[in-house]
Amino acid sequence: MRFNKNKIFNIIVYIISFLFFIALILLLSGIFFQTSPGLFIKELENVNLWNSIFLSFKISFIVILINLIIGIPIAYILSFNNSKISFILDSISNLPLTTSPLVIGFAVLITMGPLNPVGKLFIDNGIKFVFTPQGIVLVQLIISFPFFVNIVKTSFDSINRNIIDLSKTLGADSFDILSKIILPLSYNGIMAGLAISWSRSMGEYAATQMISGVIPNVTETAPIEVFVKTSYGNYPAAIAIAGILMLVSMFSLGVFKYFSYKMKPK
């Protein structure tokens, strides 16, 4: 009787999982079957379409470069420093995960606007964030940053502390330990973090729209272009851009899964 209950339970679990994954695949892949291949290719020849995509690529690569520069030191502090400061820093760095991207975009819009002392300071020094590509970089950095830091921190946490303690007894300083031990051992985690943060940056819409002003060929990223084309009823163009973004997501997910698998202890 117990065997039968376990068998029935397993069957129910597999059926629910199967139906969920089928529904998810159908929902996400539907955009590839909504237009003809000829019309899809014709839309890909549109220069404006590629302008928005190239802008998204440019901004996302700047974002992951900044993530790499500031994310690794912060992940190092979070992983190897158990003080109250690291706890507070961990909480602050994860705040964007629980905050609506729309709210983040609005907060940056207000803070970096000319009526705010912070924004006025930057503007007086010739640096503008509102309705500019650098403003998009800022909001996408805030949103993608926690993904990179958390993955890298997890990779740092998996390093055997005995190796680090032994290095210290042999006279290695903190910089040598980070550059010659921690970073090489965390290569897979860093690459996985870059893949996810890049994908998150490429697909960000709400916060980007708030700060961008939706200026064609200046601040109109690919996700915004999808919304604009849909608003005008140009579904073929929206489908073409959405399809490219979907392929980018699939690629970044594949990279993330590959390096995540290599992170697992053999």
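The values are calculated or read from the model by the stated rules, or taken from the named source; none is laboratory data. Not measured: the values here are computed from a predicted model. Reconstructed Cβ throughout: ideal geometry from the backbone, glycine too, with neighbour counts over all protein chains shown.
Tabulated data for the structure shown
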read-out: Any chance N160 is under 14 Å from the mean Cα position of the chain (by Cα) and over 30 Å from G113 (Cβ atoms); value: no
read-out: Residue in the stretch 1-17 that is assigned by TED's automatic domain parsing to the domain that holds G203 and not in a helix (DSSP H, G or I) present; value: no
read-out: Residues located in the stretch 204-225, provided they are assigned to a helix (DSSP H, G or I) and over 14 Å from F54 (Cα atoms); value: A206, A207, T208, Q209, M210, I211, S212
read-out: Residue within the stretch 195-203 that is more than 13 Å from the chain's Cα centre (by Cα) and assigned to a helix (DSSP H, G or I) present; value: no
read-out: Of all residues in the stretch 45-70 being more than 18 Å from M202 (Cα to Cα) and surrounded by 12 or more Cβ atoms within 10 Å (Cβ to Cβ), the one that is nearest to the chain's Cα centre (by Cα); value: I70
read-out: Residues that are closer than 18 Å to I196 by Cα and without any contact (Cβ under 8 Å) to a residue 40 or more places away in the chain, drawn from the stretch 235-257; value: L247, M250, F251, G254, K257
read-out: Yes/no for F131 being modelled with pLDDT of 90 or more and either over 19 Å from W198 (Cα atoms) or out of contact with any helix residue (DSSP H, G or I) (no Cβ under 8 Å at 6 or more places or on another chain) (or both); value: yes
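Listed here are the residues, each with its yes/no results for (1) surrounded by 19 or more Cβ atoms within 10 Å (Cβ to Cβ); (2) among the basic types (K, R); (3) over 27 Å from F129 (Cα atoms); (4) touching a Lys or Arg at 6+ places or on another chain (Cβ under 6 Å).
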position: G189; (1), (2), (3), (4): yes, no, yes, no
position: W198; (1), (2), (3), (4): yes, no, no, no
position: M202; (1), (2), (3), (4): yes, no, no, no
position: V218; (1), (2), (3), (4): no, no, no, no
position: Y232; (1), (2), (3), (4): no, no, yes, no
position: A237; (1), (2), (3), (4): yes, no, yes, yes
position: V255; (1), (2), (3), (4): no, no, yes, no
